[in-house]
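Chemist: A single structure is presented below for examination.
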Amino acid sequence: MGVSTSRPEPGVAVVTIDFPPVNALPVRGWFDLADAVTAAGRDPSTHVVVMRAAGRGFCAGVDIKEIQRSAGHEALLGANHGCHAAFGAVYECAVPVVAAVQGFCLGGGIGLVGNADVVLAAEDATFGLPEVDRGALGAATHLARLVPQHLMRALYYTASTVTAAELHQHGSVYRVVPVSELDAAAVKLAAEIAAKDTRVIRAAKAALNGIDPQDVHRSYRYEQGFTFELNLTGAADEARERFLEGDR
């Protein structure tokens, strides 16, 4: 349980998210994920990082129960900073990051996948931001990297989800494969990239980030400011309580 790193192929580091039952990450988990991805990218022997998850879903976002258990805003601020660190680590990783997504990818999961370099998904994968139903804002920055602008707004306002097949049509999911083949497909793609000159691939990653039309760091932090405002008004706390009551 937690975040772990394995090396199934030369040059390929696989970072696994494992927080049962739904991979809703606690504050420490976001920072651990950021550290693991950053460390893998800094290792000269790593040419590609695969980011995957154990269990029935890729990521359900932040651990809302942890936030509600915490007095004051300490856990909320921790989750905000942790998400920013993890999303940033994926984007700034010195080597390409391949996201392998199965089941649900919600909230913070969109932040991770939206900042990845390549996305592979299982046939059962669904993607969405339930933030407005949780009294929060955030990761529209990253959803906008997966779908066109007007679709992003519709999905955001309605808290609806899209399938892996639909994202494949938009070009943001590279391949859709059966669930049983996801890990192997991700490692195979990573190995293909890893076989190239890592000096060139690392330079390519830096160059592509440098010409990115969107500043993902600033954009996401701007969103987070509104989330904190919603907490000050009490709207966010009420929304989280409604969600938890429905979960009981």
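The values are calculated or read from the model by the stated rules, or taken from the named source; none is laboratory data. Worth saying up front: this structure is predicted, and the values here are computed from it rather than measured. As a convention, Cβ positions derive from the backbone with ideal geometry for all residues, glycine included, and neighbour counts pool all protein chains shown.
Chemist: Got a number for residues in the range 31-82 being over 27 Å from residue 11 (Cα atoms) and in contact with a Pro (Cβ under 6 Å, 6 or more places away or on another chain)?
Modeler: 2
Chemist: Run down 100, 86 and say which single residue is touching an Asp or Glu at 6+ places or on another chain (Cβ under 8 Å), surrounded by 24 or more Cβ atoms within 10 Å (Cβ to Cβ) and under 22 Å from residue 20 (Cα atoms).
Modeler: 100
Chemist: Tell me yes or no: at least one residue of the range 145-166 is basic (Lys, Arg), under 24 Å from residue 230 (Cβ atoms) and part of a loop (DSSP other than H, G, I, E, B).
Modeler: yes
Chemist: Here are some residues: 174, 157. Which one is under 20 Å from the mean Cα position of the chain (by Cα) and free of Cβ contacts under 8 Å to residues at least 40 places away in the same chain?
Modeler: Among 174, 157, only 157 is under 20 Å from the mean Cα position of the chain (by Cα) and free of Cβ contacts under 8 Å to residues at least 40 places away in the same chain.
Chemist: Going by the structure shown, is residue 32 among the charged types (D, E, K, R) and over 18 Å from residue 99 (Cβ atoms)?
Modeler: no
Chemist: Looking only at the range 167-181, which residues are small (Gly, Ala, Ser) and either touching a Phe, Trp or Tyr at 6+ places or on another chain (Cβ under 6 Å) or assigned to a loop (DSSP other than H, G, I, E, B) (or both)?
Modeler: Within the range 167-181, 171, 172 meet the criteria.
Chemist: Could you look through the range 222-248, keep only residues that are loosely packed, with under 11 Cβ neighbours inside 10 Å and among the acidic types (Asp, Glu), and pick out the one that is modelled with the lowest pLDDT?
Modeler: 247
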